[in-house]
Amino acid sequence: MKKRLGCLHAHYSNIEYIESAFSSYDMELIHFVDPGLMYRVTSNGNFHLEEAQEKVKEQLEWIAKCNVDAILITCTNYIAILQEKITTSVPIIKIDEPYFESICNTEQPQTILFTNPATVNGTMERLKEYAYNHQKSIDIEEIVINNTFDLIMQGLKKEYDQEVSNFLIKNIHNGKKISVAQLSMVDASKEVENMTSKHILNPLEPLILSIVNQLNLNKKSVVY
């Protein structure tokens, strides 16, 4: 039977990355998008963390009732909001955990890049917590590519990718292992990787392997 993965996003732009990542696997992706929650958290000073946590839990419980085999959360801020371990009838896969595992398995100095300043604190706190819980020591700095994220929010993906690519090209030879923390940065990182033959870690690489193993996914049959 074809496996079904429910995906919870904070922005519609994440859908295409997940669809592309699993396009060769025999599975069904069901997408749930709620940009309003993060907007309220970041813009409404009267919206408390407890309310946000309750909202995310409600979303996850709703998705779990849609006959899915697992739930993927693609927004690191959603994951940070949860904090506590949530129990549902199906497994919850957090997009950043396979990514964190890859980072923690790298011993050389690293740089992790962001374009959205609002995701930095939550992601870095979770990364440090993951490293501590798995007894890993990491040498890492975070850098925000300033004045870039608004481009993707305005639908200017070509311009956004160009800004990310330009930054990567300027910094790819600094001796540190570079990774990009956001799905929106994947296309630009792959382009630069192809140009320079320098590997740039992105969240999709380890995520695909993790989900394929957890759900025991098969490749689609090729019809000639």
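Structural remarks
- Of the candidates Q53, Q83, the single residue that is in contact with a helix residue (DSSP H, G or I) (Cβ under 8 Å, 6 or more places away or on another chain), of a type outside the set (D, E), at positive phi and at pLDDT below 90 is Q83.
Each row is one residue, and each column tells you yes or no for (1) without any contact (Cβ under 8 Å) to a residue 24 or more places away in the chain; (2) not polar (S, T, N, Q).
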| residue | (1), (2) |
| --- | --- |
| E51 | yes, yes |
| E54 | yes, yes |
| Q59 | no, no |
| C66 | no, yes |
| I79 | no, yes |
| P91 | no, yes |
| F100 | no, yes |
| C104 | no, yes |
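- Single residue of segment 86-121 satisfying the filter (touching a strand residue (DSSP E or B) at 6+ places or on another chain (Cβ under 9 Å) and among the polar types (S, T, N, Q)) that is modelled with the lowest pLDDT: T88
- Candidate set from segment 159-175 (those that are loosely packed, with under 15 Cβ neighbours inside 10 Å and either free of Cβ contacts under 8 Å to residues at least 60 places away in the same chain or of a type in the set (A, V, I, L, M, F, W, C) (or both)); member that is farthest from I143 (Cα to Cα): E159
- Pick from segment 56-80, criterion β-branched (V, I, T) and more than 20 Å from I208 (Cα to Cα), ranking: modelled with the highest pLDDT: I63
- Of all residues in segment 12-50, those being at pLDDT below 80 and under 29 Å from K190 (Cα atoms) number 2.
The values are calculated or read from the model by the stated rules, or taken from the named source; none is laboratory data. Here the structure is a predicted model, which means the values were calculated and not measured. Because the Cβ atoms are built from the backbone with ideal geometry, glycine has one as well, and the counts that use them run over all protein chains shown.
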